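A short worksheet on the structure shown next.
Read-outs throughout are calculated quantities, based only on the coordinates presented, and are distinct from any laboratory measurement. Since the structure is predicted, the reported quantities are computational estimates derived from the model, not experimental observations. So basically every Cβ, Gly included, is an ideal-geometry build from the backbone, and we count neighbours across all protein chains shown.
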Amino acid sequence: MTPSDETQRTLILKPEVTRADVLAAANALDFDWTEDYEAVPEQGIFFNRVWVDREETTAIILIEDTSLDLNVLVTKGRRAKKTARQLAKRLDVWSEQELWRAVERASSAEALSASLRRWTMGRLYDMSRRERSALEEYLEHKSPAVRLAAVDSMGYLGHPGFIGLLDDVANADDDEQVRQAAQFVADGIRELS
């Protein structure tokens, strides 16, 4: 598979979806299990499972991330978009609208932090101006947990346009953990840009 053939899509699974459900969906789409990765505690990831289609042009990756308390399916390769659509029909996944509504309707800092992280994982490759503006506003939220979630979200998204904002947070936020995370994420984005 050449780089120009590669595409990637992300689906956020609802909590009731099990490994067995994902296995059944992958098998129904004629994908074969290839390998498991377990225990990467420094990333909070404790289980990854990978399936590949028979032509070896497309993969399905299940990521169980305990640090964010969510399970993610990533489709990658030539048929990533089509495979993601087919999986979404077979599994209970968060729609883009549901993810954003959860952010807008969060009633506590804890709920906002969790929903912001879920939304970010589901929006890795496409974000509207309104969504980006809201994400930037969360850097000024009164709760350090929400500000940290916004910094983490910017790290996941990895857009160079966030570097200036992250530098400002790294220099001025009143919470040490938020400052350190902002510096780490800004440096990481710089390195990749």
Quiz item: Using 7 Å Cα-to-Cβ label points, what is the His159/Glu96 separation (nm, one decimal)?
Solution: 1.3
Practice problem: Could you run the Debye sum over the Cα atoms of the chain, one equal point scatterer each and no solvent, and tell me log10 of I(q)/I(0) at q = 0.10 Å⁻¹, two decimals? | Solution: -0.44
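Normalised radius of gyration for segment 96-192, please: alpha carbon Rg relative to 2.2 N^0.38 Å, two decimal places.
Segment 96-192 yields a ratio of 0.98.
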Quiz item: Which FRET efficiency, nearest 0.05, do Arg129 and Gln8 yield, Cβ-Cβ r, R0 25 Å?
Solution: 0.65
Quiz item: Sorted by average packing, counted as other Cβ atoms within 10 angstrom per residue and highest first, what order do 103-112, 149-158, 7-16 take?
Solution: 149-158, 7-16, 103-112
Quiz item: Expressed as a rounded percentage, what relative contact order does the chain have, with Cα pairs under 8 Å and six or more residues apart?
Solution: 17
Exercise. Apply the Karplus parameterisation 6.51 cos²θ - 1.76 cosθ + 1.60, with θ equal to phi minus 60°, to every residue of segment 73-86 and state each ³J(HN,Hα) to the nearest whole Hz, in sequence, with x for glycine and proline.
Key: 10, 10, 9, 9, x, 4, 10, 4, 5, 4, 5, 4, 4, 5
Practice problem: Kindly state, to the nearest 0.05, the FRET efficiency for Glu55 paired with Ala20, given R0 = 30 Å and r defined as their beta-carbon distance. | Solution: 0.75
Quiz item: In whole percent, what relative contact order does segment 95-193 give with Cα contacts below 8 Å and a gap of six or more residues?
Solution: 23
